[in-house]
Amino acid sequence: MSSLLDNFRFARLPAHAETFREEVRAFLAAEQPTLPADVRARSWMGFDGAFSRKLAVRGWVGVTLPRQYGGAELDAFSRFALLEELLSSGAPVGGHWIADRQSGPLILKFGTEEQRRFYLPKICAGEAFFCIGMSEPNSGSDLASVGTRATRAQGGWKLDGRKIWTTNAHNCQYMIALVRSSGAPEDRHKGLSQFVIDLSLPGITIRPIKDLAGDAHFSEVFFDDVVLGDDALIGSEGTGWEQVTAELAFERSGPERIYSSIVLLDRWIQVLRETGNHAAHVTAVGRFAIHLSVLRNLSVSVTSRLVAGESPVVEAALVKELGTTFEQDIPSVIEAALGADPSSEIDAELLRTSAYVSQVAPTYSLRGGTREILRGMIARGLGLR
């Protein structure tokens, strides 16, 4: 057991990242839209292309990408500080989020030089937004069972199938999709490849899906005889699973797996201070503060390993599982607190924020890998499976 837990060491962001944090705070004070908490609570699901482009002007989209491709070439610690400030303030980052976090780094690592020169400057300028094509209907969290297929055709590939729960697909120009390029579903991880797909191509249909909160940031995407060029393939044919595995370490360990409910928590604390009605809730607030401190350190620790060039897949899964549990506890505890005294007047903005976060919180333990999948990975990492 100690072999996995020993991989977590106390970690702190270096001084240059904290200096950069102050620059980000000044930017947000001047440029972030003034929005109520229930809108800011959407943060990394919220789409605001204009705000994303303001960040891009500062070099803060594709922030870790090399300067030769338009990036700021900052390290992952600086990106961590940037994301903490954006998420904790509830900034609408959904436009550029996926491209910055994983699509750009994926293309940089596995793409051809032509792909790097074409896509990365567009990402860094806030001109190209990406979505992820992994989940499919009837496949659950079993990515290896994908049925969307790319078959060889003259001059490239022909793509057929569909993806679902694709965040902001209707607002994006490109998708990076995991599809089967050879073999059968029974072959599992073999025969999977990733392709960059221009979502304006003929044969692509995008249908937004409205959720319980009334938002439509998810979409179902249909591919019917979509023609892709050879230059759409990322890396070598059949290496998609290795790419996705490396990609998910970035997706599962960042601040977004800790701060999804933080705007709600901040608003609750603010209301408790304003009303003086905090004596009964000191223990709950203190527990959240302690949990957040520990989770943040775990996340920074994983970031330090990523900076060192390691691939802490199991550790990232552990952070994601603990982080989403924390994120789901926040609305549950706050809802119970608000309902404990029905005679008291409830702050309207807090009530709207609580209602929204409570509705979307069940998705926290689904996106980026379900709780059951992650626990299986953790068990294997501990030598229990």
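The values are calculated or read from the model by the stated rules, or taken from the named source; none is laboratory data. This structure is a prediction, so every number in the text was calculated from the model and none was measured. When we count neighbours, we look across all protein chains shown, and the Cβ atoms used for this are built from the backbone with ideal geometry, even at glycine. Keep in mind that these areas ignore ligands, DNA and RNA; they rest on the heavy atoms of the full protein, side chains included. Shrake-Rupley method; radii C 1.70, N 1.55, O 1.52, S 1.80 Å.
Results, tabulated for the structure shown:
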{"item": "Estimated 222 nm signal from helices in the chain, with DSSP H stretches of n ≥ 4 weighted -39500 (n - 2.57), rounded to 500", "result": "-14000 deg cm²/dmol"}
{"item": "Most to least packed among 254-260, 201-207 [average Cβ atoms within 10 Å]", "result": "254-260, 201-207"}
{"item": "Spin-label pair Ile290/Asp225, simplified geometry with 7 Å Cα→Cβ offset, distance in nm", "result": "6.4"}
{"item": "Extension gain, Thr245 back to Glu22 (0.36 nm per residue minus Cα-Cα distance, nm)", "result": "76.9 nm"}
{"item": "Gain upon complete extension [Glu31, Ala184; 0.36 nm per residue less C-alpha separation]", "result": "50.1 nm"}
{"item": "Residue-by-residue Karplus 3J(HN,Hα) for the stretch 359-370, coefficients 6.51, -1.76, 1.60, Hz, glycine and proline x", "result": "6, 9, 4, x, 6, 4, 8, 10, 5, x, x, 5"}
{"item": "Burial order of peptide ranges 70-81, 314-325 (average beta-carbon count within 10 Å, highest first)", "result": "314-325, 70-81"}
{"item": "FRET efficiency for Leu201 and Arg53, using Cβ-Cβ distance with R0 set to 30 Å, rounded to 0.05", "result": "0.80"}
{"item": "Value of relative contact order over the chain, rounded to a whole percent, pairs C-alpha under 8 Å and six or more apart", "result": "18"}
{"item": "Distance (nanometres) between label positions extended 7 Å along Cα→Cβ at Phe118 and Leu382", "result": "4.6"}
{"item": "Choice from His291, His96, His217 with maximal GNM fluctuation in the chain (Cα, 10 Å cutoff)", "result": "His291"}
{"item": "Given charges at beta-carbon only (K, R positive; D, E negative), |dipole| of the chain in Debye", "result": "500"}
{"item": "Top of Gln243, Gln359, Gln270 by mean-square fluctuation, Gaussian network on the chain, Cα under 10 Å", "result": "Gln270"}
{"item": "Entries in Lys109/Lys210; Lys158/Lys210; Lys109/Lys163; Lys158/Lys320; Lys54/Lys122 that, when Cα-Cα distance is taken, lie over 26 Å", "result": "Lys109/Lys210; Lys158/Lys210; Lys158/Lys320"}
{"item": "3J(HN,Hα) from dihedral phi, the stretch 52-65, Karplus parametrisation 6.51/-1.76/1.60, rounded to Hz, x for glycine, proline", "result": "4, 6, 5, 5, 4, 4, 7, x, 9, 10, x, 5, 9, 6"}
{"item": "Highest-fluctuation residue, Thr34, Thr275, Thr370 considered, GNM on the chain with Cα pairs under 10 Å", "result": "Thr275"}
{"item": "For the stretch 81-140, the Rg and Dmax computed from alpha carbons only, in angstrom", "result": "13.7, 38"}
{"item": "Sulfur and carbon atoms: percent of accessible area, the stretch 30-106 [1.4 Å]", "result": "52"}
{"item": "P(r) histogram, all alpha-carbon pairs of the stretch 1-144 included - 5 Å bins from 0, percent", "result": "2, 9, 16, 18, 17, 15, 12, 7, 3, 0"}
{"item": "Extension reserve of the Asp160-Asn297 stretch, reckoned as 0.36 nm per residue once the Cα distance is removed", "result": "45.0 nm"}
{"item": "Cα-based convex hull, the stretch 233-376, per residue volume (Å³, whole number)", "result": "127"}
{"item": "Leading residue at positive end of dipole, the chain (Cβ point charges), from Ala246, Leu384, Ala30", "result": "Leu384"}
{"item": "For the stretch 157-174, Karplus couplings with θ = phi - 60° (6.51, -1.76, 1.60), whole Hz, Gly/Pro x", "result": "9, 10, 10, 9, x, 7, 10, 9, 6, 8, 5, 6, 4, 6, 10, 9, 8, 9"}
{"item": "Cα-based helix-to-principal-axis angle, 262-275 vs the chain, degrees rounded to 10", "result": "10"}
{"item": "Per-selection Rg to Rh, the stretch 323-385 - Cα, Kirkwood hydrodynamic radius", "result": "1.19"}
{"item": "Distance (nanometres) between label positions extended 7 Å along Cα→Cβ at Glu372 and Gln173", "result": "4.0"}
{"item": "Solvent exposure of the chain as accessible area per residue, Å², 1.4 Å probe", "result": "43"}
